[in-house]
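Enquirer: Sharing a structure, written as structure tokens. Questions coming.
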Amino acid sequence: MTIDHIQPTSKGGLNTIENLCLACRTCNEYKSDTTEAIDPLTNQLILLFNPRQHNWQEHFQWSNDASHIEGLTAIGRATAIALRMNNPVIVATRKRWFSIGWHPPEN
Ligand SMILES: [Zn+2]
């Protein structure tokens, strides 16, 4: 895991606990200094999911085979795309984890 600045320091984000979260390296690199993305359903620019303010289960769900993260809201849809949460590497990994009972994570 890496430490992510929810509001990037390049955009005025502080090194306070309220602005920091753990993120896997891949998500953190895809997020970079992004704070908003397009919701593919409405084409509106949406602020990304904030793990300090939002509830994961409210904005995302696992697909039936637990290989994909599905956005339930504009925030979820925009964030899933911006952070490439369903890139081929992680989808293949989730399928392997699922086959041996390591996935999906419990809430
Ligand atoms: Zn990740």
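Every number here is computed from the coordinates shown, using simple stated rules; none is lab data. As the structure is a prediction and not an experimental result, all values here were calculated from the model. For neighbour counting, all protein chains shown are included, and Cβ atoms are generated from backbone atoms with ideal geometry for every residue, glycine included.
Enquirer: Where in the stretch 77-96 does the label zone of Lys11 land, with the point 7 angstrom along Cα→C-beta and an amide N cut-off under 13 Å?
Expert: Answer for the stretch 77-96: 79, 82-83.
Enquirer: How large is the charge dipole for the chain, taken about the Cα centre, if only the Cβ atoms of Lys, Arg (+1) and Asp, Glu (-1) carry charge, to the nearest 20 debye?
Expert: That gives the chain a dipole magnitude of about 280 debye.
Enquirer: Then there's this: What's the angle, to the nearest 10 degrees (0 to 90), between helix 88-99's Cα axis and the longest principal axis of the chain?
Expert: 50 degrees
Enquirer: Relative contact order (percent) for the chain, with alpha-carbon contacts under 8 angstrom and 6 or more residues of separation?
Expert: 20 percent
Enquirer: Order 91-98, 10-17 from most to least packed using the mean count of other Cβ atoms within 10 Å.
Expert: The densest-packed peptide leads the list: 91-98, 10-17.
Enquirer: Any idea what the alpha-carbon Rg over 2.2 N^0.38 Å comes to for the chain?
Expert: With N residues counted in the chain, Rg over 2.2 N^0.38 Å equals 1.08.
Enquirer: Once the other residues with Cβ under 15 Å from the Cβ of Leu83 are scored (Lys, Arg +1; Asp, Glu -1), what is the net sum?
Expert: Net charge around Leu83: -1.
Enquirer: Specify whether the C-alpha gyration tensor of the stretch 56-99 places it in the rounded, prolate or oblate class, a ≥ b ≥ c being the square roots of the eigenvalues: rounded for a/c under 1.5, otherwise prolate if a/b is larger than b/c and oblate if not.
Expert: oblate
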